[in-house]
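Report on the following structure.
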Amino acid sequence: MPEVTRRIRIAIADDHSIFRDGLRRLLESEPGFEVVAEAADGAEAVRVAREVRPDVLLLDVAMPRMGGIDCLSAPELNRGATRVILLTAAIEPGDLLRAVQCGVRGVVLKESATRELIDGIHRVIEGKLLIGTDVADDLAQAVQQAGAHRDRPYGLTPREVEIVEAVAAGDGNRDIAARLGISLQTVKHHLTSIFDKTGTSTRLELALFAIRHGIADAP
């Protein structure tokens, strides 16, 4: 009798149901893949890892309630048998370093080719790491700057400092997105983090705060 190859059991964690459905269809069309569970946020992803124990968890970074990075410290993901691959639209170098330190086995950008994800899943199952060339430079940058994180003003990342400087200069969200080459939603996500770290709640407060504390120059 021919040898029966065990199917790779995959779970998908992403807050967009349309994306999850499309990814499920894509993966299940691949021989040897089986999607066994879905999750809409990090808390559900941890529960899925604990109850379903998939071989691979495709985990988005930006999700409500609990983001992908925040849930990585859970024992089910940090020390469990499930191999985690971050599948994300964008990731900050600092978050990328933290993810690798928490045991993430791979990082694939959503804009990457389908073949890269499929081959990457096989690579991770074989015990190898999957760090695409499009994020490798960011990881190297994060490693180099790891020792400098403690000295950053109010814990702001380099990207967040760029956005604070732009706000202080009077730039709107669309201008910032266009200049930095990121999406409008990513700008809003960064601003939420910046407001939290600096204790400000409006753009004017943030601009004055940044100028007062030397984070940005007065326009």
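Table for the structure above
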read-out	value
Cα centre as origin, Lys/Arg/Asp/Glu Cβ charges: the stretch 8-144 dipole, Debye	440 debye
Residues of type lysines that residue 128 reaches as a straight line, Cα spacing below 28 Å, ignoring anything fewer than 8 places off in the same chain	110
Cα gyration tensor of the stretch 8-144 - equivalent ellipsoid semi-axes, whole Å, descending	20, 17, 14
Contact order relative to length of the stretch 1-75, as percent, for alpha carbon pairs under 8 angstrom and 6 or more apart	35 percent
FRET E, pair residue 115, residue 203, Förster distance 45 Å, beta-carbon r, rounded to 0.05	0.60
Alpha-carbon centroid distance for the pair the stretch 75-128 / the stretch 153-213, whole angstrom	28 Å
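Every number in this text was worked out from the coordinates using simple rules, so none of it is lab data. Since this is a predicted model, take the numbers as computed values, not measurements. Positions of Cβ are backbone-derived with ideal geometry, glycine not excepted, and every protein chain shown enters the neighbour counts.
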